[in-house]
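First up is the structure itself, then whatever we jot down about it.
The values are calculated or read from the model by the stated rules, or taken from the named source; none is laboratory data. The shown structure was predicted, so the numbers you read here are calculated from the model rather than taken from an experiment. We place every Cβ from the backbone using ideal geometry, glycine too, and count neighbours over all the protein chains shown.
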C-alpha cells in the first residue's frame, strides 16, 4: 500500500511537470524540446514504470498466497513488498525534486500543490 501511494503521488507530480514543460517557453520554444529536460523526463517515466511493476508483483504474490497457493510464502510477500516500497518511494522523491526544479523557485513554497505532494511523498 505504501508503494502504491508513493507511486500515485509520483505519477501526479510527473503529469504536472509534463504539462509545465510543454507550456513553458524559453528562447522561443518549449523547454520540453531541450534534451536535458526530455531525457530526464524519459528517465523518470522509466523509473516509475519499474516501480509500478514491482508494486503489481507484490500485490500479485499476496493475492496468490491468500488464495491458498502453497508456492508462495509470507517471506516472498514481505520481500516483494519491501522492494516495491523502496523503488516507489525513491522514485517519488526523485520525481518531486526534478519537477520542483522545472517549476523553479515558486514550487518551494509550501502552499503550492507540487510542494505539498513532495512533502507527502
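Just give me the residues in the range 9-48 being under 15 Å from residue 91 (Cβ atoms) and surrounded by 16 or more Cβ atoms within 10 Å (Cβ to Cβ), in sequence order.
9, 10, 11, 12, 13, 14, 17, 40, 41, 44, 47, 48
If you go through the range 92-102 one residue at a time, do you hit one that is modelled with pLDDT under 95, over 21 Å from residue 4 (Cα atoms) and surrounded by fewer than 15 Cβ atoms within 10 Å (Cβ to Cβ)?
Among the residues of the range 92-102, at least one is modelled with pLDDT under 95, over 21 Å from residue 4 (Cα atoms) and surrounded by fewer than 15 Cβ atoms within 10 Å (Cβ to Cβ), which makes the answer yes.
What single numbered condition from (1) over 25 Å from residue 116 (Cβ atoms); (2) free of Cβ contacts under 8 Å to residues at least 12 places away in the same chain; (3) assigned to a helix (DSSP H, G or I) fails to hold for residue 22?
Going through (1) over 25 Å from residue 116 (Cβ atoms); (2) free of Cβ contacts under 8 Å to residues at least 12 places away in the same chain; (3) assigned to a helix (DSSP H, G or I) one by one, residue 22 breaks only (1).
Can you find a residue that is without any contact (Cβ under 8 Å) to a residue 40 or more places away in the chain, part of a helix (DSSP H, G or I) and within 16 Å of the chain's Cα centre (by Cα) anywhere in the range 59-73?
The answer is no, given that none of the residues of the range 59-73 is without any contact (Cβ under 8 Å) to a residue 40 or more places away in the chain, part of a helix (DSSP H, G or I) and within 16 Å of the chain's Cα centre (by Cα).
Among the residues of the range 103-121, write down those that are touching a helix residue (DSSP H, G or I) at 6+ places or on another chain (Cβ under 8 Å), surrounded by fewer than 15 Cβ atoms within 10 Å (Cβ to Cβ) and within 13 Å of residue 6 (Cα to Cα).
Within the range 103-121, just 120 meets the criteria.
Give 119, 97 a once-over and let me know the one that is within 14 Å of the chain's Cα centre (by Cα), free of Cβ contacts under 8 Å to residues at least 40 places away in the same chain and under 22 Å from residue 22 (Cβ atoms).
None of the other options fit; the residue is 97.
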